[in-house]
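Visitor: To start, I am sharing the structure in question, which I have written as C-alpha cells.
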Amino acid sequence: METNTPNPVAASFEDKKLSWWTKAGFSCYQLGNVADFMITTWLMYYYTTFFGMSIILTTMIFTIGKVISSVLSPVYGFISDRLYLTRFGRRFGRRKSLLLIGIPLKCISFVLLWVPGLSTFAYFTIFLLFHLTTPLLSTAYLTFMSEMTQDSKQRAQLAGINQAGGTISGIIASLLIIWLFKIFGEDKQSTYFISAMIYIAITLIFYIIFYFSVSERPYDVSTDLNIVESKSNEKTPTNPLKSLGEVFWNFISAMRLKSFAIYFGMYICEQMFRSLRGTINTYFIVFALLLTPTSVASSTTVGYVFGILFIIFFAWLTQKTNGSFTYRVAAYPAIVTLFVILVVAFVHPPHMVLWWIVLITCLNFGIAGVVNSTQYLFSFIPDVDEMVTSKRREGQYAGVQSTLDLLFSTLESLAIGLILQAVHFASKATTQPPLVVHTLIYLYTIVPIVLLLMGAICSHFLKLDDQHHKILLNEVIRLRSGGSMKDVTPETRETVESLTGFKYENCWGNNRLIDFSRKSDSIVEVS
C-alpha cells in the first residue's frame, strides 16, 4: 500500500512561504544587470567605433569569451551541487559560495573592459576574465527559484517579480545612458567609461541585496550527492575534485530527461531571438531605420515601461494556466510584430521614431511572455530530475543550460559577424551600403520569426503543468519517506513516465543519468 508518512525536511520546505521582501530581493539579480546592458548594447559599438576594431575581430573576441563561459558553466554547476563537502560550502552554502567569489571578480573585470587606450590583446584578456567569472553568478542564480520554494504559485510570483526586475533594470540603464549622453556627449569615448563606472556601482549594490535575500533548500542527507551507498550500506563521502570526469557524462545525460529536452527547445529559441536582437539592435536602428543612438535608448526605455504591465499580465496568466500556454500567447503576436517591422524598415513611413516606439512596445509584449514562460518552467526541471535520480541537482541543470545557451549564442554571434563581414560592413562609418542594410533587416526580422515558430511548436509537447507537478512532488515525498515503488498508482506512473521519459521502474536512481559506469538502465532495487 502507498505510505502517507511525510518526510520532515520536504514537508517543512513545502509549507514555507516567502515574504514579498524576499521576492523583491530575489529580483535584485536582474536589477543588477544594468552592467550587462552596457555589454550587450554598447560594447561592440564602442570597440568598432572608437578603437577601429574590425567587426570580425570584435566578434571573435566576443565568441572566444563565450566559449570559455560555456565550458566552465557545467563545471561550476557540478562543483556547486557537491560543495557541502568543503568547509567553505558548508559555511556559506552550495550556491551562495559562488556568489561570494563571482561578484567582486565580475565588477573588477567589467570596469577594465571600458578603460580607454589599451591594446587589443589587453581587451581580449580582460574579456576572457569577465567570462571566467560570469558563469559563477549565472549558475548560482538559476538554482534559487527551485531552492527557495517548491510551490508552483510562489515560483510563478518569483518568475514575475524577477522579470520585472529585469525590465526595471532596462529602464534604469536606458534612462541613465540618455542622461549621460546629454551631459557628456554621445560621440565621446570618455562618456562610455564614465557610464561603465556608474553602472557597475549600481550593479554591486543590487547584487549585495540579492545575496542577503536568497536562501537555499534545507539540507537533506538523502539528496546529498557527496554521499554514496557502499556495499556495506555505510555512507562515505566522495571527493568532487576526483569526479570532474563525470561532468561530461552528466552534461550529455541531462538531455535524456524528456521535460528538459523539450523545455530547452523552447528556451533556446527565445534566447537566440533575444540575443540576436541585442547583438544587432543598435546597428539596425542606426543604419536600417536611420535613427540616432539616443533614439535607441529612448525607444528601449518606452518599451521597458510598458513591459512591466505585460509582465504583470503574464505572471497572472502563468499562474492560471501553465508556462507552455503562456509561451504561445506571447510568441504569435511577436511574430506578427516582427513582420510589421520588416515592412516599416523598407517603406520608411513618416514619423519613424513614433512607429518604432509603438512596434518595440508590441514586440516587448511577446518578449515578456516567452521569458516569463521559460523562467517559470525551468524551476520545475530539478524536481523532475529528482524523480529520476533521487538527488537534487539544480546546479547541474543551471550549468548545462548556461553552456548550451552560450554555445548557441556564440555560434549565432559568430555567424552574424561572418555575415556582416561578407556583406562588407564598414567599421567607423556613419552609413552602410544597401546590401548591409538589407542584411540587418532580414537578420532582425525573418530569423526571429522562424525561431519563435519553432519554440511555439515545442511548447505543445511539454506537459509540465501545476497538476502534473503536484503528482510528481507527492511521489517524490512518498518514496523519500520510505514508500515502495511497487505501490505506485496508475495515474502517478503515467505522469512520471510522461515527464521524465523513463519507465517508472527505471526512476529513483535505477538508471545511468548520474553514474556513467553502469552499462544500462537497470532496476537496482524496487522496494
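Please treat every number below as a calculation from the coordinates, not as lab data. Here the structure is a predicted model, which is why all the values come from computation and not from measurement. Because the Cβ atoms are built from the backbone with ideal geometry, glycine has one as well, and the counts that use them run over all protein chains shown.
Visitor: Tilt of helix 55-81 relative to the longest C-alpha principal axis of the chain, in degrees (0 to 90, nearest 10)?
Guide: For 55-81 against the chain, the angle is about 20 degrees.
Visitor: If I fit a long axis through the Cα atoms of helix 352-378 and take the longest principal axis of the Cα atoms of the chain, what angle between them do I get, 0 to 90°, rounded to 10?
Guide: Roughly 10 degrees, rounded to the nearest 10.
Visitor: Between Phe461 and Gln189, what is the label-to-label distance in nm when each label sits 7 Å out along the Cα-to-Cβ direction?
Guide: Output for this residue pair reads 5.1 nm.
Visitor: Return the Rg/Rh ratio of region 28-167 with Cα-based radii and a Kirkwood Rh. Before the final figure, lay out each step's value.
Guide: Working: Rg = 17.1 Å, Rh = 16.6 Å.
Taking Rh as the inverse mean 1/r over Cα pairs, Rg/Rh reads 1.03.
Visitor: Turning to a different aspect of this structure: What's the exposure ranking of Phe365, Phe339, Phe264, going from fewest to most Cβ atoms within 10 Å? Numbers along the way, then the final one.
Guide: Details: Phe365 21, Phe339 13, Phe264 25.
Neighbour counts put them in this order, fewest first: Phe339, Phe365, Phe264.
Visitor: Going by how many other Cβ atoms sit within 10 Å of their own, how do Asp521, Asp405 line up, fewest first?
Guide: Values: Asp521 17, Asp405 21.
Listed from fewest to most nearby Cβ atoms, that is Asp521, Asp405.
Visitor: Next question, about the same structure. Restricting to Cα pairs below 8 Å that are 6+ residues apart, what does the relative contact order work out to for the chain? Please round to a whole percent.
Guide: Details: 792 pairs, mean separation 139.6, N = 527.
This gives 26 percent for the chain.
Visitor: Normalising by the residue count of region 395-527, find the relative contact order in percent from Cα pairs under 8 Å and 6+ residues apart. Don't jump to the answer; show the numbers that get you there.
Guide: Details: 54 pairs, mean separation 18.1, N = 133.
Relative contact order for region 395-527 comes out at 14 percent.
Visitor: Which pairs in the list Lys106/Lys188; Lys96/Lys320; Lys106/Lys320; Lys182/Lys428 are over 29 Å apart, alpha-carbon to alpha-carbon? Each step should come with its number before you reach the end.
Guide: Working: Lys106/Lys188 25 Å; Lys96/Lys320 32 Å; Lys106/Lys320 38 Å; Lys182/Lys428 22 Å.
Checking Cα-Cα distances, Lys96/Lys320; Lys106/Lys320 exceed 29 Å.
Visitor: Another one. Using the 10 angstrom Cβ neighbour count as an exposure proxy, how do Arg392, Arg91, Arg277 rank, fewest first? Write out the running numbers ahead of the final one.
Guide: Numbers: Arg392 23, Arg91 9, Arg277 19.
Lowest count first: Arg91, Arg277, Arg392.
Visitor: Okay, next question. Helix-only estimate, please: 222 nm mean residue ellipticity of the chain, summing -39500 (n - 2.57) across DSSP H runs of length 4 or more and dividing by its residues, to the nearest 500.
Guide: -24000 deg cm²/dmol
Visitor: Let me ask something else. Percent of Cα-Cα pairs per 20 Å bin, from 0 to the last occupied bin, for the chain, please list those.
Guide: Going from the shortest bin to the longest, the percentages are 22, 55, 21, 2.
Visitor: Taking 0.36 nm per residue of separation and subtracting the Cα-Cα distance, what length does fully extending Gln421 through Asp220 add? Before the final figure, lay out each step's value.
Guide: Working: separation 201, 0.36 × 201 = 72.36 nm, distance 5.39 nm.
Extra length available between Gln421 and Asp220 comes to 67.0 nm.
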